[in-house]
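A.B. asks: Below is one structure. I have some questions about it.
The values are calculated or read from the model by the stated rules, or taken from the named source; none is laboratory data. None of the values given here were measured: they were computed from a predicted structure. Every residue, glycine as well, gets a Cβ built from its backbone with ideal geometry; the counts of neighbours run over all protein chains shown. For accessibility, only protein heavy atoms count, side chains too; no ligands or nucleic acids. Shrake-Rupley method; radii C 1.70, N 1.55, O 1.52, S 1.80 Å.
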Amino acid sequence: MAGAESSTASHVRQVSASEVDEHLAALVGNAAAVAAVASTVQGTLGPKGLNCMLVDRYGDVTITNDGATILDKIDVSHPASRLLIQVARAQDREVGDGTTTATVLASALISAGVDRIRQGVPVTKVVEGLQAAMDVAREAIAESRVELSGIDDPLLQRAALIAGREDTELAGLTLQAAAAVPRDMLLLSDAFRLSDHTLAKEGAESQVITGLVIDKEPLNRQMPREVSPARIL
């Protein structure tokens with residue numbers, strides 16, 4: 001027995017303090033990179049959120065308060081930052097909204113996890129705790145969710161108003177556009193996104209067009225401005 005114990009003990013490698021500090025430094029560095037990305041969008045969150053001005057390498061300027069747009073245009077090289085951007089893209093792909101909230105929440109969870117690891121909690125326990133928290137969150141969402149009666153539901157109108165940052169005109173146009181879409185065929189489909197059918201035109205009035213928009217300039221100034229009835233190939 002003594003020989004077996006000594007053989008087992010010989011295979012146990014002692015972890016030095018410098019290795020522990022190195023692992024902690026890597027965790028802290030990853031958390032700092034994630035927090036830096038989250039800080040670029042957290043100022044746009046809420047009804048009093050501000051716009052961000054983005055300037056690319058060619059000098060083109062984009063002014064927006066949309067978290068998905070900001071995260072899509074910024075250039076990051078850190079692996080942890082890229083993972084956070086992938087979280088925002090997944091949120092935008094699955095839900096179509098809440099990218100800023102998902103980014104800030106993920107950064108806060110990572111920061112809290114690093115604080116627990118600094119206090120001596122094993123990494124595996126922190127991961128297990130996050131997974132358990134996700135299960136609790138899913139159950140809470142499932143219990144508190146409310147089925148909407150239709151486009152005219154007051155709850156949907158309030159959601160559109162909040163998403164539109166209290167812009168009543170924009171919220172009304174959004175509901176009007178949603179009402180024009182076949183409910184069972186498209187509106188409730190996971191693959192349908194109303195934002196994919198939104199065309200941004202500088203200086204144009206906001207309106208819902210029930211038809212096809214072809215954003216092309218006339219080939220010649222002498223061409224008629226309107227053709228009715230028109231055939232489109």
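A.B. asks: Between residue 232 and residue 54, what is 0.36 nm times their sequence separation minus the Cα-Cα distance? Round to one decimal in nm. Don't skip to the answer; put the middle values down first.
C.D. replies: Working: separation 178, 0.36 × 178 = 64.08 nm, distance 3.81 nm.
Once the chain is fully extended between residue 232 and residue 54, it gains 60.3 nm.
A.B. asks: Which of 47, 182, 218 ends up with the largest GNM mean-square fluctuation for the chain, with Cα atoms connected below 10 Å?
C.D. replies: It is 218.
A.B. asks: Can you spot the lysines whose alpha carbon is less than 27 Å from residue 73's alpha carbon? Ignore those fewer than 8 places along the same chain.
C.D. replies: Leaving aside lysines fewer than 8 places away in the same chain, those within reach of residue 73 are 48, 201, 216.
A.B. asks: Sum -39500 (n - 2.57) across every DSSP H segment of at least 4 residues in the chain, then divide by the residue count to get the 222 nm mean residue ellipticity, nearest 500.
C.D. replies: Details: 8 runs with 123 residues, N = 233.
Using -39500 (n - 2.57) per qualifying helix, the result is -17500 deg cm²/dmol.
A.B. asks: Working out 0.36 nm times the residue gap between residue 83 and residue 139, then minus their Cα-Cα distance, what length gain in nm do you get to one decimal?
C.D. replies: Numbers: separation 56, 0.36 × 56 = 20.16 nm, distance 2.58 nm.
Once the chain is fully extended between residue 83 and residue 139, it gains 17.6 nm.
A.B. asks: Here is a follow-up. Keeping all protein chains in position, work out how much accessible area residue 166 exposes to a 1.4 Å probe, and write it in Å² to the nearest 10.
C.D. replies: 110
A.B. asks: Taking the chain as the reference, fit the longest principal axis to its C-alpha atoms, fit the long axis of helix 123-144 to the helix C-alpha atoms, and give the angle between the two in degrees, 0 to 90, nearest 10.
C.D. replies: The answer is roughly 40 degrees.
A.B. asks: Right, here's the next one. Counting each pair of different Cα atoms once, what's the Kirkwood radius of the chain in Å, rounded to one decimal? List each step's numbers first, then the result.
C.D. replies: Numbers: mean 1/r = 0.0442 Å⁻¹.
By the Kirkwood definition, the hydrodynamic radius is 22.6 Å.
A.B. asks: Of the residues 98, 150, 29, which exhibits the maximal mean-square fluctuation in a Gaussian network model of the chain defined by a 10 Å Cα contact cut-off?
C.D. replies: Ranking 98, 150, 29 by mean-square fluctuation puts 150 first.
A.B. asks: Only Lys, Arg, Asp and Glu count, each charged at its Cβ (+1, +1, -1, -1), so figure out the dipole size of the chain about its Cα centre, rounded to 20 debye.
C.D. replies: Numbers: 21 positive and 31 negative charges, 72 e Å.
It comes to approximately 340 debye.
A.B. asks: Run the simple label-point estimate for residue 105 and residue 90 please: 7 Å along Cα→C-beta, distance reported in nm.
C.D. replies: About 1.3 nm, to one decimal.
A.B. asks: A further question follows. Roughly how many Å² is the accessible area per residue of the chain, as a whole number, for a 1.4 Å probe? Mind showing how you got there, number by number?
C.D. replies: Numbers: 18440 Å² over 233 residues.
Dividing the accessible area of the chain by its residue count gives 79 Å².
A.B. asks: Given a 1.4 Å probe and every protein chain left where it sits, what share in percent of the accessible area of the chain is carbon and sulfur?
C.D. replies: Working: 10180 of 18440 Å².
Ligands and nucleic acids excluded, carbon and sulfur give 55 percent.
A.B. asks: For the chain, set up a Gaussian network in which alpha carbons nearer than 10 Å are linked by springs, and say which option among 144, 107, 77 fluctuates the most.
C.D. replies: Result for the chain, Cα springs under 10 Å: 144 fluctuates most.
A.B. asks: Still on this structure, I have one more. Using Cα-Cα distances under 8 Å and only pairs 6 or more residues apart, what relative contact order does the chain have, in percent? Before the final figure, lay out the partial values.
C.D. replies: Values: 138 pairs, mean separation 31.6, N = 233.
Relative contact order for the chain comes out at 14 percent.
A.B. asks: Quick check for you: which residues of the range 204-233 have the amide N under 17 Å from the point 7 Å beyond the Cα of residue 180 toward its beta carbon?
C.D. replies: Answer for the range 204-233: 204-215.
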